[in-house]
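The values are calculated or read from the model by the stated rules, or taken from the named source; none is laboratory data. Remember, it's a predicted structure, so these values are computed and weren't measured experimentally. Virtual Cβ from ideal backbone geometry, glycine too; neighbours counted across all protein chains shown.
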Amino acid sequence: MKRLLFTYDPLPVTFTRGEGVWLWDEKGNRYLDAISGIGINLLGHENPEWVSFVQQQAAKLVHVSNLYQIPEKELLAEVLCHKTGMDKAFFANSGSEANECAIKLARLYGHRKHFDNPSILVFENAFHGRTLATLTASGHRQVQAGFEPLASGFARAPFNDMNALKQIANSRNDIVAVMVEPIQGAGGIHVASEQFLREIRQLCDKHDWLMIVDEIQTGMGRTGKFLYCQHLDIKPDILTLSKGLANGIPIGVCLTQGIANELFAPDKHGSTSGGNPFACAVALQTLGIIDKYDLMNNASIQGENLLKALQEQFHHHPLVKSVRGKGLMIGIELNKPCKEISKISLQHGLLVNVIQHNIIRLLPPLVIQSQEVAYICEKLNIILKQFETES
Ligand SMILES: *Cc1c(COP(=O)(O)O)cnc(C)c1O
């Protein structure tokens, strides 16, 4: 640790092996991974079909650069467009980079419309990444503090507030795009209301703004459909995905439709390792396994069971303010700070993550089964009891 820049303060545990939803530490203790490496391990750990494919692809071809044709990249773009209804794709290595691409497209679009200082409307409490532009787009002071001057060209509105949206649409003439998470992830599992997302789509249509939807955490089946937007039949102009897309191999993608398809030209944007054959082939395999085992449907069923069970179990709990989410993306908001819960959970063989000081976040793998859902509920009950007596 002493050679690492101090950006993370990890819990005192080291995992040495994984299988499905389970991880084992060096002493042989077993943990149910209900956070999936922050929404990354969609297939759980070391899925045998995924592992054997990764081994084969590593032995075949890993990287050649975008100077050459990459069939795996073209096929992944084809599959993603088919699944999302979008037209074109740009591949990067992370969520932040996918969002940077979206932001650059929005600015190109603004300049095409002859705006000198085009602005993107973003929301309070949003999280879009850690690069300078994406941390500016994020709505958390702690992500931004100390990194001033922040990027210009962002306007901010409260989340789920229709009147504020309309007011901004009427009062500002520099907006060219709206960027939104359908469920704010790092911000505390706040679900956008149907009305709010429809209002954004309508305003974008009315004012010729681009609707940028960040499904980096909600996408790839986590909420029971490939995209959260598909629950509402809303189609963005720009869509970003990353996290679990290749089940742990870094990848990000920015997808476009309509006018956003034609804004780039060669040398306008790029990534040296983005779109490499290895990451793209592994993403294709990951999506193939999700389809083969109908894991989106499993996420929908098990997610609903988990949400209902937690809501019932904590309905009258003195510490619990609300239990919310969609599919396998669930937040339990307590009425006081509870950072210690991630540590207490470790002692009880459960991995969860606490965000915004008082919200327990659950992002279990899409392969989770009923008995494992029951395990999470049972452990959380014990964990909250211990937290209650110790705090
Ligand atoms: C994780 C996340 C990001 C940032 O992704 P990185 O891979 O960490 O750069 C952006 N937006 C959302 C909604 C996320 O959940």
* To do: Check off (1) assigned to a helix (DSSP H, G or I); (2) within 11 Å of the ligand (Cβ to nearest atom); (3) within 13 Å of M179 (Cβ to Cβ); (4) touching a residue at least 60 places away in the same chain (Cβ under 8 Å) for H128 and give me the number that stays unchecked.
  => (1)
* Asked: Regarding R141, is this residue under 30 Å from C338 (Cα atoms) and more than 16 Å from the ligand (Cβ to nearest atom)?
  -> yes
* To do: Please find, within the range 40-73, the residue that is farthest from L245 (Cα to Cα) out of those that are among the small types (G, A, S) and touching a residue at least 60 places away in the same chain (Cβ under 8 Å).
  => S65
* Asked: Can you pull out the residues in the range 75-104 that are of a type in the set (A, V, I, L, M, F, W, C) and more than 16 Å from the ligand (Cβ to nearest atom)?
  -> L75, L76, A77, V79, L80, C81, M86, A89
* To do: Name the one entry in S370, S391 that is modelled with pLDDT under 95, closer than 23 Å to Y31 by Cβ and polar (S, T, N, Q).
  => S391
* Considering only residues that are modelled with pLDDT of 95 or more, among the polar types (S, T, N, Q) and within 22 Å of the chain's Cα centre (by Cα), look in the range 119-156 and name the one that is nearest to Q167 (Cα to Cα). => N125
* Do we find that N117 is polar (S, T, N, Q) and within 16 Å of the ligand (Cβ to nearest atom) in this structure? -> no
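Residues M211, M179: which one is touching a Pro at 6+ places or on another chain (Cβ under 6 Å), of a type in the set (A, V, I, L, M) and closer than 24 Å to G110 by Cβ?
Checking each option against the conditions leaves just M211.
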* To do: Could you pull out the residue among A186, A260 that is in contact (Cβ under 8 Å) with a residue 24 or more places away in the chain, within 13 Å of the ligand (Cβ to nearest atom) and of a type in the set (A, V, I, L, M)?
  => A186
